[in-house]
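Please read the structure below before turning to the comments.
A short reminder: the numbers here are calculations on the coordinates, not readings from a lab. What you see is a predicted model, and the numbers here were worked out from it, not measured in a lab. So basically every Cβ, Gly included, is an ideal-geometry build from the backbone, and we count neighbours across all protein chains shown.
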Amino acid sequence: MDWSDGVFPTTREGALARWAEFLPRAGAYGSLRNRVEPGHPHVSRLSPAIRGRLVTTSELVESLFAAHPFGRVEKLVQELLWRDYWKGWLEMRPSIWTTYRRELDPLKRHGDPAILERAAEVMAGRGGIAVMDRFARELIETGYLHNHARMWWAGYWIHIERLPWELGADFFYRHLLDADPASNTLGWRWVAGLQTRGKAYLPRRSNLEKYCAPAWLADTTGLDRLDDDVVRILELPWQAHPPCQPWRPLPERPELPEGRWGLWIHGEDLTPELSALGGLHPECVLTVLDEPLMRTLGLSEARVAYIRDPLADARTRAAAHFGCPVEQRAQGGFAAHLTAVARERRLDGWIAMRPAVGPLGDAMEGIESALGSEGLRIHWCRRRWDELRWPRASSGFFGFWEKVRERLSEGVRTDPSQGLLPL
Ligand SMILES: Cc1cc2nc3c(=O)[nH]c(=O)nc-3n(C[C@H](O)[C@H](O)[C@H](O)COP(=O)(O)OP(=O)(O)OC[C@H]3O[C@@H](n4cnc5c(N)ncnc54)[C@H](O)[C@@H]3O)c2cc1C
């Protein structure tokens with residue numbers, strides 16, 4: 001199969017070039033975005049870069065406004081903001097993530113062998129519905145699936161195969177280059193009917209025939225299992241969402257006491273030099289490739305490479321911008337390296353963007369306590385863009401959208417001499 005279109009930029013420069021190429025077509029996004037076609041020409045394919053903040057939503061929104069009337073690009077802006085919505089929603093309900101991760105492990109290790117065997121077949125692209133098997137292979141081989149294909153495939157897994165949604169979400173998480181704890185976990189929960197009461201997503205043959213490339217449906221093997229009058233929803237018991245945790249604001253730039261501070265750059269934000277942190281003068285910059293964590297999560301090789309390579313790009317840019325020593329550590333956890341490098345460079349501690357809920361977020365407690373036991377500190381920051389939007393994701397998306405729509409330019413700054421400044 002030809003996956004030659006599945007190339008994803010691992011540098012900021014590459015991501016900006018992809019965006020520049022897509023921007024003129026952004027006006028057609030609203031009407032064409034649901035089509036799943038070879039090369040995925042109707043969508044940006046920028047999600048891995050957006051996930052790691054090689055490019056920021058604020059600069060994408062800003063350039064859309066500069067290139068098109070709002071009405072032509074509203075749908076795309078709305079989709080970009082879906083990401084912020086999911087991030088904010090999960091940030092205020094972290095137990096959804098921790099419960100999912102806690103239940104996943106026993107399910108994988110001690111689940112019903114018949115279920116695990118069937119799950120393995122479906123993941124390997126041997127489920128028996130040709131088009132779904134094709135999507136499984138596309139995910140494994142490219143690390144990407146179109147949004148509509150993600151919905152079809154997750155719906156097929158849950159409602160047709162009747163497999164546990166947690167195993168399917170984990171399969172996506174291990175392979176997607178854009179794997180995001182919020183968009184992925186909540187996307188799966190939404191398809192399963194656990195996110196919005198009374199709403200689940202069913203993959204129907206008529207919908208595939210309307211939106212999927214005919215060539216990908218030419219092999220009709222198993223398609224009758226998706227016939228509109230055959231598909232049946234799997235009703236999962238509804239559980240009320242946990243209450244929203246109060247929002248804890250963070251500064252976009254810390255008030256640093258006198259001392260020697262390093263900047264820790266991680267995969268949740270690869271462009272700190274283009275944030276309020278850009279004005280800092282750190283003693284050093286550190287990136288860490290936490291290989292044990294990546295192994296525990298079972299990430300695919302492509303995903304590991306997509307963590308490693310953008311980090312290398314971040315180091316190159318940071319070296320040019322901050323003009324201080326920049327180093328990379330691997331083969332150990334974040335806490336151990338942050339502590340060791342701080343000791344070696346006689347630092348008082350670190351400044352870093354605060355990771356959102358997810359594996360990196362889970363590591364924060366260990367990092368804080370390891371640093372604390374050495375008398376070191378870490379100052380967490382958050383971009384203004386997130387600080388202004390994420391706390392508004394307390395209930396449904398459309399309420400969130402109404403709140404943020406009128407004030408989309410808030411947190412987006414332009415500097416005529418330098419172009420866009422992503423916040
Ligand atoms: C089951 C399921 C799992 C998903 N898992 C992830 C994930 O792990 N990581 C991830 O980034 N997205 C996830 N999504 C959302 C969406 O499918 C991808 O963001 C989108 O397909 C990425 O392709 P693109 O960059 O070409 O998107 P475009 O259509 O070009 O959209 C531009 C950007 O808007 C954002 N966006 C678009 N649609 C959505 C959406 N529905 N939800 C959240 N953000 C959106 C993304 O940042 C995307 O890059 C998931 C959706 C489903 C249904």
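Between Cys244 and Asp228, full extension at 0.36 nm per residue minus the direct alpha carbon distance yields a gain of 2.0 nm.
Dividing the Cα radius of gyration of segment 155-234 by its Kirkwood radius returns 0.99 for Rg/Rh. Looking at the square roots a ≥ b ≥ c of the eigenvalues of the Cα gyration tensor of segment 233-311, which shape do they give, rounded for a/c under 1.5, prolate if a/b is larger than b/c, or oblate? Taking the square roots of the gyration eigenvalues as a ≥ b ≥ c, segment 233-311 is oblate. Normalised by the number of residues in segment 261-381, the average gap of Cα pairs under 8 Å and 6 or more apart makes the relative contact order 32 percent.
The smallest convex shape that holds all Cα atoms of segment 331-387, its convex hull, gives 88 Å³ per residue. The alpha carbon gyration tensor of segment 139-298 gives principal lengths a ≥ b ≥ c with a/c of 1.5 or higher and a/b greater than b/c, which makes the shape prolate. Normalised size of segment 66-135, defined as Cα radius of gyration per 2.2 N^0.38 Å with N residues, equals 1.75. Within a straight-line Cα-Cα reach of under 19 Å, Lys108 can be paired with the following aspartates and glutamates, leaving aside sequence neighbours fewer than 8 residues apart in one chain: Glu117, Glu121, Glu161, Glu166, Asp170. Taking amide H as placed 1.01 Å from N in the peptide plane, the amide H of Trp350 sits under 5 Å from that of Gly262, Arg377, Ile378, His379, each at least 5 places away or on another chain.
Applying 1/(1 + (r/R0)^6) with R0 = 25 Å to the Cβ-Cβ distance of Arg407 and Glu21, what FRET efficiency is obtained, to the nearest 0.05? Step by step, r from the Cβ atoms, then E = 0.30. Note on segment 1-157: with charges restricted to the Cβ of Lys and Arg (+1) and Asp and Glu (-1), its dipole about the Cα centre is near 240 debye.
Electrostatic bookkeeping for Trp261 treats Lys and Arg as +1 and Asp and Glu as -1; over the other residues with beta carbon under 13 Å from its beta carbon, the sum is +1. Taking only the Cα atoms of the chain, the ratio Rg/Rh comes out at 0.96, with Rh defined as the Kirkwood radius. Estimated from helices alone, the mean residue ellipticity of the chain at 222 nm is -15000 deg cm²/dmol (sum of -39500 (n - 2.57) over DSSP H runs with n ≥ 4, per residue). Tell me whether segment 26-159 comes out rounded, prolate or oblate; compute the Cα gyration tensor, take square roots of the eigenvalues as a ≥ b ≥ c, and use a/c under 1.5 as the rounded threshold. Oblate. Computed extension gain for Asp112 through Glu255, at 0.36 nm per residue and net of the alpha carbon distance, reaches 46.2 nm.
When the Cα atoms of segment 259-406 are aligned to their principal axes, the ranges along those axes come out at 50, 37, 32 Å in descending order. Projected onto planes of every orientation and averaged, the convex hull of the alpha-carbon atoms in segment 16-93 covers 5.5 nm². At an R0 of 41 angstrom, the distance between the Cβ atoms of Ser395 and Glu344 translates into a FRET efficiency of 0.30. Pairwise Cα distances in segment 44-87 exceed 14 Å in 48 percent of cases. Charges were assigned to the Cβ only: +1 to each Lys and Arg, -1 to each Asp and Glu. The resulting dipole of segment 261-381 about its Cα centre is roughly 160 debye. Summarising the strand pairing of the chain, around 20 percent of its internal DSSP beta bridges are antiparallel.
Report D for segment 106-226 in µm² per second (integer): Stokes-Einstein, Kirkwood Rh on Cα pairs, 25 °C, 0.890 mPa s.
Calculated translational D: 169 µm²/s.
Residue by residue, segment 37-43 carries 3J(HN,Hα) couplings of 9, x, x, 6, x, 8, 10 Hz when phi is fed to the Karplus relation 6.51 cos²θ - 1.76 cosθ + 1.60 (θ = phi - 60°); x denotes Gly or Pro.
With contacts taken as Cα pairs under 8 Å and at least 6 residues apart, segment 106-226 reaches a relative contact order of 27 percent. Could you give the length gained on full extension between Lys75 and His321, defined as 0.36 nm per residue of separation minus the Cα-Cα distance, in nm? Length gained between Lys75 and His321: 85.1 nm.
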